[in-house]
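Down below is the structure, laid out as structure tokens.
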Amino acid sequence: MRQATICIDSTALQYNFNRVKQLAPTAKIVSMVKANAYGHGVKHCLAALAESDAFGVACLEEALEIRTLGYQNDITLIEGVFSADEMPSVIEHSIECIIHHQQQLDWLRAHKTAYIAQGLKVWVKLNSGMNRLGFKLPEIIDVIQLLKNEGFTCVLAMHFANADADHPLNEQQKSQFLQVKAACDPILASCCNSAAIFKWPELHFDYVRPGIMLYGASPFADQNVHALDLKPVMSFTAQIIALNTIQAGEQVGYGSTFTAEQTMTIAIVSIGYGDGYPRAYLQPNFVAVQGQLTPVIGRVSMDMIAIDVTGLDATLDSEVELWGKHRLVDDVATANGTIGYELLCRMTTRPRRHLL
Ligand SMILES: Cc1ncc(COP(=O)(O)O)c(C=O)c1O
């Protein structure tokens, strides 16, 4: 059987969840499990995250999957509903909405009695400069006042555009958030993703919303997961299916982009872009064989790659780690000109998945 495998380490996931608790001891935790738990498989991740105060998802379908799996934790729809006809289902399954535009406000108010009776909070999104979703100042203050007057419990929510970097917009976003919070006092508040949880303890408030850190990848370009004391959750591995000795001048793979400079042993590994392993590289890329990093050579095919195993004790059947504990997904992403988030989320269904 083809051995392309995604292994989910639930102990590592729990460890990372406990890191959030350690960093934000007084805040409630909304674990972000959207996009199939960042590609890890929601059904494999929820048990390790069961202590979460809530789960954050991007749409009703993702929320309903959590209910189908039997979890009764609060759920927040971080983009709210997409049409009025989703409201009855939201209420029936006890799912909390963000509202970020006037129509969502109207749909919510039309279901006011049932929504409030279910004990659901409404998350009201501030657009403080990211210009993705949200009401701007000063409109948001009127929206929140109206909702509070009607008996809704509100959470003021915001998302940083640059929490992972020093950027002038950070100060503007913080100051607008604090301004709205003060104007709407008392109000629950939430503005921290993973990077902000690490950087700004003073902004943890009532709810933090960790995503990438739970999965053991770094939100920062200049700090890896070891420095952040997080553990990689996904191990993506495959198997050596052929070993070849090639001589100086011989070439490898599609496009013959790699030419050997001396005699070398290469291994063919049964993994490719058909599994979600990226094809385009800006920098040399590596895999780990028996914990040792070794280069990928030539082009990535749909089902195979070639790696240099000269001098390594590699045999047919040896396991190769594409990313995991030895080769960090963030390092593969950097070589690929992207971020760990994207590589994790775009895994295909072909590799077998199992839970540790
Ligand atoms: C609104 C919101 N909150 C929190 C997160 C979690 O972010 P991160 O994965 O960087 O922790 C996201 C992710 O995109 C988000 O959209």
*Mind listing whichever residues of the stretch 120-132 are farther than 11 Å from Leu147 by Cα, assigned to a loop (DSSP other than H, G, I, E, B) and of a type in the set (D, E, K, R)?*
Arg132
*Of the residues Leu293, Leu322, Leu328, which is modelled with pLDDT of 95 or more and out of contact with any strand residue (DSSP E or B) (no Cβ under 9 Å at 6 or more places or on another chain)?*
Leu328
*In the list Ala195, Ala182, which residue meets the criterion of being of a type outside the set (Lys, Arg), in a helix (DSSP H, G or I) and within 12 Å of the ligand (Cβ to nearest atom)?*
Ala195
_Please go through (1) among the acidic types (Asp, Glu); (2) within 22 Å of Glu342 (Cβ to Cβ); (3) in contact with a strand residue (DSSP E or B) (Cβ under 8 Å, 6 or more places away or on another chain) for Glu250 and return the number of the only condition it doesn't satisfy._
(2)
*Regarding Ala217, is this residue within 14 Å of the ligand (Cβ to nearest atom) and touching an Asp or Glu at 6+ places or on another chain (Cβ under 9 Å)?*
yes
*Out of all the residues in the stretch 51-72, which are in a loop (DSSP other than H, G, I, E, B) and either on the phi > 0 side of the Ramachandran plot or within 17 Å of the chain's Cα centre (by Cα) (or both)?*
Ser52, Ala58, Cys59, Gly70
*Is it the case that some residue within the stretch 315-338 is more than 25 Å from Phe220 (Cα to Cα) and either buried (at least 19 other Cβ atoms within 10 Å of the Cβ) or aliphatic (A, V, I, L, M) (or both)?*
yes
*Please report, ordered by residue number, the strands (runs of 3 or more DSSP E) entirely within the stretch 222-298 with at least 1 residues that are at negative phi and surrounded by fewer than 18 Cβ atoms within 10 Å (Cβ to Cβ).*
234-246, 264-269, 292-297
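The values are calculated or read from the model by the stated rules, or taken from the named source; none is laboratory data. This is a predicted model, so every value here is computed, not measured. All Cβ positions, glycine included, derive from the backbone under ideal geometry; neighbour counts span all protein chains shown.
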